[in-house]
Structure formats: structure tokens, C-alpha cells
1. Only one residue in Tyr167, Tyr124, Tyr87 is among the aromatic types (Phe, Trp, Tyr) and more than 30 Å from Thr4 (Cα to Cα). Which one?
2. Here's a check for you: in segment 174-202, which residue that is in contact (Cβ under 8 Å) with a residue 40 or more places away in the chain and surrounded by fewer than 18 Cβ atoms within 10 Å (Cβ to Cβ) is nearest to Val98 (Cα to Cα)?
3. Specify which of the listed residues (Gly143, Gly154) is under 18 Å from the mean Cα position of the chain (by Cα) and either assigned to a loop (DSSP other than H, G, I, E, B) or touching a residue at least 12 places away in the same chain (Cβ under 8 Å) (or both).
4. Exactly one condition in (1) of a type outside the set (Val, Ile, Thr); (2) outside any loop (DSSP other than H, G, I, E, B); (3) within 30 Å of Ala352 (Cβ to Cβ) is not met by Ser200; state its number.
5. What number of residues within segment 164-173 are part of a loop (DSSP other than H, G, I, E, B) and either of a type in the set (S, T, N, Q) or touching a strand residue (DSSP E or B) at 6+ places or on another chain (Cβ under 9 Å) (or both)?
6. Could you look through segment 1-30, keep only residues that are acidic (Asp, Glu) and touching a residue at least 60 places away in the same chain (Cβ under 8 Å), and pick out the one that is surrounded by the most Cβ atoms within 10 Å (Cβ to Cβ)?
7. Scan segment 105-141 residue by residue and report those that are over 19 Å from His24 (Cα atoms) and open to solvent by 20 Å² or more (accessible area, probe 1.4 Å).
8. Could you grab me the full set of residues in segment 257-288 that are touching a Leu at 6+ places or on another chain (Cβ under 7 Å) and modelled with pLDDT of 95 or more?
Amino acid sequence: MADTQRIISADSHVTITNEAFYEHLATKYVPDIEASIAEQMAAMAALNMPNNRAHRDWPAQGRPGDHVQEDRIQDQIEDGVDAEVLYSQSVFGFDGGVFYKLNDEARRASFEAYNDALLQWIDYDKQRLIPVGIVPVLDPKEGVKELERLVERGFKALTIPTYPDSYGLAPYWEDQYKPLWQAFAANKVPLSLHTNASPSLKGIQMADPTPAKGIFQSLPPIVMAELISTWILGGMVPDNPDLHIVLVESGIGWIAYYLERLDTMQRRHNWGGRGMIKEKPSSYWRSQFHATFEDDIAGMRHIDLLGAETLMFATDYPHPDSTWPESRDVVERHFSGLDDDVKQAIVWKNAADLYDIA
């Protein structure tokens, strides 16, 4: 592959250290945060997942680019990547999960502090480092306020808890959330849902006998089918035509079948998703959904069914699934024999358009 091939990763990760976070947080909130973190770490240890604590040997593991900007840029250059859309991988979670255990005042301060620390981190190179802010949802009015603050500060991507019941929150189809989805749509900022362990997978996670919980770990991307149906049949997507949903680290090889399944069920069972669905469920995919993937040869066979415009390549740096430092080779292998305009769209143009990356 020519070295001139541009790559934008639509899903990578950054660790905002506790120290960086605390620089933006009033000291009176620190003890409560530390207690919440300790509770989460104890819960993770109880899951007995050796690969979460034992030695890791994938290429990107332990690299300082995880949290040091200069090293991160060098790792991008080595991998042939021009920019990355960055999700949290800190102890605060992809979505600020530890903050939901705090009182109202501390929770608001913590979300603001994290997002401010993230914004400060990407100041090193705003062309290459694209932050994904975290929006609180426990109080939707609070979420709208933080969303508008982040948009004003230049955030082009925002995320929320993928599964609200993970934190005892109400389902997203409840009326209380309507102003929040309207705010996402009105501000034309994509709403990201990053792969995570759904509550329905907890039983498998606890029962999985394999040393690295391999049965459980193989399932979260595919279980994201629940999200497609939730956001379409729950009415949030049909009600907000300008709302764009990004399924992050979901893979794509399974999506075409699930969209067909939704259409078949609508036709055969005559249901309309709370009475709101006037079109085929799959019709919302191309206009309002996007999905990221790393290695997904099967997905390359379904591009025509999904629409090249809905798909975005990602390196997932520095996670175990990461294609670093061979992303050029992965792109070459995946797109061999496909039209160049399709390749360019998926490898960088779609992300550039969605996130306004120069």
C-alpha cells in the first residue's frame, strides 16, 4: 500500500490520569471519587478475569502513548494514522460510570472536570486528537446543559452510558430523556454508544469457565444488536431525524442480518415499536446510524447492504483488539479488490465528514 493512504481511526482510547482529572476538580469531592473508584475496582476483581490483571503482551499494551501526547503522536505516525477519535479508558469508565454513585453536586462537578481534563489533553494537537466528551444522563436537564457547554467548547463527539440499566437508570425511551435527544439532534453532534458489557451478559460473565472469560468477551459487540432495535423501535431515532447514532467497536459483519430480521419481524408480527414506526426499521440505518470496526473481513462482504457511508475503520489503540502497528496492512487486506472510493470513504472520509476533521 502506498504510504500516502490516509487513515482516521474512528475509535481509539486515551487514559486521562487521576492526577490530570483532579487538577480540574475541587478537593472536597476527591474522597467520594476515591471511594467510588475503590468500589468499582473491587467489583472488577471479584469477576476473576485473569486477562484484566495478568501480563499483557499485545503490541500496544503499556505504551506511554496511552496517556502521553507526544508519544501518542509518534505511535500514530508509526501506524500511518492521521487522527483518532478518542474515548476514555480510565478508571472513570467509557461513560463516567463511577460518577453516578455521587451526590448531585459532586456528580456535576466530576463530569465537568473530566471533560475539561480531556479538552486540555487534546490541546497538544487538535488536528490529530479528537475528544469524545461524556454527557451525564441521570438528570436529562443536567445532560443538556453539559452537552451545550461541550459543543460550545468545540467537542464534535459525545457519549452516554451504552446501557442505562447498568447504573439503575430509566430506559432511554422514557419521556424524561426527550430534551436530551432533541439537544443532540439540534446541535448536530453524533451520539456514541461504545461496546460494553450489557446487564444481560452479566450471567454469562460470571458463569464463563474459560481462564480469560473468552465466551463472555466474544459477545459484547454482537449483543449491540439490542441497541439498534432500542433506538429505532423505542422511537428516539424516528422522532429525531437529525440524531446520528454511532455504534463504537461493534464490528459490522452481523448488522445486515439483524436489520433484515427487524424488517421480517415487523412484517410478520405487525408491530410498530410503540406505534411510532411508519417505515421499515432498516430504513433508518443509512440515514442515522454509523458503525466502527477493526478486523472484520466478513463485514467487507456486506458493504453494499449497509452502505459504505455508514462505516468507519478504527484502530482501537491501545486495546487488545487494536490493529496497531499494522493498520496499513489491515486496511490493505480488508479492501483488496474493492472500489477505491469505497475504501477511502470507510478508511477516513466518513469520519472526517462526521466529526469535521480537516
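1. Unique residue meeting the criteria: Tyr167.
2. Selected residue: Lys178.
3. Only one candidate passes the filter, namely Gly143.
4. Single failed check for Ser200: (3).
5. Looking only at that region, the number is 0.
6. Asp11
7. If the condition is that a residue be over 19 Å from His24 (Cα atoms) and open to solvent by 20 Å² or more (accessible area, probe 1.4 Å), then Asp125, Lys126, Gln127, Arg128, Leu138, Asp139, Lys141 are the ones that fit.
8. Ser282, Trp285, Gln288
The values are calculated or read from the model by the stated rules, or taken from the named source; none is laboratory data. It should be emphasised that the depicted structure is a prediction, and the values quoted were computed from it without experimental measurement. In this analysis, Cβ positions are derived from the backbone assuming ideal geometry, glycine residues included, and neighbour counts consider all displayed protein chains. For the accessible areas, the whole protein counts, side chains as well, though only heavy atoms, and no ligand, DNA or RNA atoms are used. Shrake-Rupley method; radii C 1.70, N 1.55, O 1.52, S 1.80 Å.
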